[in-house]
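Working notes, structure below.
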Amino acid sequence: MRPSKPLADSRRAILHALKQQGAATIAFLAESLKLTGEAVRQQLLQLKREGWIEARAGAREAQTKTGRPATRYSLTSAGDHLFPKSYDQLTVTVIDAIAEELGEDAVTRVLARVSTDRVSALAPRLESLPLDERVDALKSLYIDNDPFMYVERVEGDYRLIERNCPFYNTAMRRPALCSVSTNTLSRLLGVRVDREERFQNSDGRCVFRVHAKEPVEASREFTLET
């Protein structure tokens, strides 16, 4: 059941107050937001259950000799991400700065390094698996247990289909970033991988075709997509 509008508004107000103030007590939030302490307490309990905030025992004031220190509430990392971020713009700026200062080849070398790091991190848990199990495991290429990545078997090959690119905003503006995914998949699977469909072409998804009968060397040179 969706919360009532006043309930949603009070929870939003609490989150904004914690973002502006940092860690705060129930008393502080109640006074700042003109709410009762019990109303604030109930909203904090719900926000904590949902993972947006965390509670920690506060330090006892110097002049206070007795009593428990007041609990202070603050945003979790997940809660902080409810507020606007500009990671995509920063990434685009960095890519462009590298190209302008060091040349396009430097961008390719950086992307190759990112791909190599991803391969190094994922290879140990895949190396003993047959191809079909490796393909299935790589549904978690971007995030663990990705609910938007799934596998299809087609004409002896495989298709890894991603409907929620976590790098969408950056990749739409600088498609070279997607070469990291194709190169990483090829090296981890040991066969050629390319994209049959892509967000940049308004396909609404990326489809990585795994060519099961076209082996490649794990040490193959990084290549940009055409």
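In Å², and per residue, what accessible area does segment 115-179 have when probed at 1.4 Å with the other protein chains present?
On the way: 3760 Å² over 65 residues.
Value returned for segment 115-179: 58 Å² of accessible area per residue.
With a ≥ b ≥ c the root eigenvalues of the C-alpha gyration tensor of the chain, is it rounded (a/c under 1.5), prolate (a/b larger than b/c) or oblate?
Prolate, since a/c reaches 1.5 and a/b exceeds b/c.
Check the chain and count each lysine pair with an alpha-carbon distance under 18 angstrom, considering only pairs eight or more places apart or from different chains.
Value for the chain: 4.
Show the residues, 5+ positions off or on another chain, whose built amide H is closer than 5 Å to the amide H of VAL191.
Under 5 Å from the amide H of VAL191: VAL216.
For the chain, what does the relative contact order come out to in percent, with C-alpha contacts under 8 Å and a separation of six or more?
Across the chain, relative contact order equals 13 percent.
Which of the three applies to segment 156-208, rounded, prolate or oblate, going by the alpha-carbon gyration tensor with a ≥ b ≥ c and a/c under 1.5 meaning rounded? Provide the component values of the computation, followed by the final result.
Working: a/c = 2.30, a/b = 1.47, b/c = 1.57.
Oblate shape, in that a/c is at least 1.5 and b/c is the bigger or equal ratio.
Could you pull out every whole DSSP H run in the chain that spans at least 20 Å of Cα extent along its own axis and averages -1.0 or higher on the Kyte-Doolittle scale?
Working: long enough: 5-21 (24 Å, -0.68); 87-102 (22 Å, 0.53); 104-122 (28 Å, 0.15).
The answer, listed by residue number, is 5-21, 87-102, 104-122.
If segment 87-156 were replaced by its equivalent ellipsoid, with semi-axes equal to the square roots of 5 times the Cα gyration tensor eigenvalues, what would those be, largest first, whole Å?
Numbers: eigenvalues 194, 44, 28 Å².
One finds semi-axes of 31, 15, 12 Å for segment 87-156.
VAL210's amide H: which non-local residues (gap 5+, or another chain) put their own amide H closer than 5 Å, with H modeled 1.01 Å from N in plane and none for Pro or chain starts?
Answer set, sorted by chain and number: TYR158, ARG159, LEU160.
If each DSSP helix of 4+ residues adds -39,500 (n - 2.57) and the sum is divided by the residues in the chain, what number results at 222 nm, nearest 500 deg cm²/dmol?
Numbers: 9 runs with 101 residues, N = 226.
The helix contribution divided over the chain gives -13500 deg cm²/dmol.
Loop sites only, by DSSP: take the trypsin sites (Lys or Arg not before Pro) in the chain that have at most 13 other C-beta atoms within 10 Å and name the longest stretch containing none of them. Working shown, then result.
Details: sites that count: LYS34, ARG60, LYS65, LYS85, ARG220.
No qualifying site falls inside 86-219, the longest such stretch.
Ignoring ligands, DNA and RNA, what percent of the 1.4 Å accessible area of the chain is carbon and sulfur?
51
Tell me which residues come under 5 Å, amide H to amide H, from LEU82 once H is placed; ignore anything under 5 positions away on its chain.
Those qualifying (amide H under 5 Å, at least 5 residues apart or on another chain) number zero.
The values are calculated or read from the model by the stated rules, or taken from the named source; none is laboratory data. Remember, predicted model here, so these are calculated numbers, not experimental data. Don't worry about glycine lacking a Cβ; one is built from the backbone with ideal geometry, like all the others, and counts go over all protein chains shown. When the accessible area is computed, the model is the full protein with side chains, heavy atoms only, and any ligands, DNA or RNA have been set aside. Shrake-Rupley method; radii C 1.70, N 1.55, O 1.52, S 1.80 Å.
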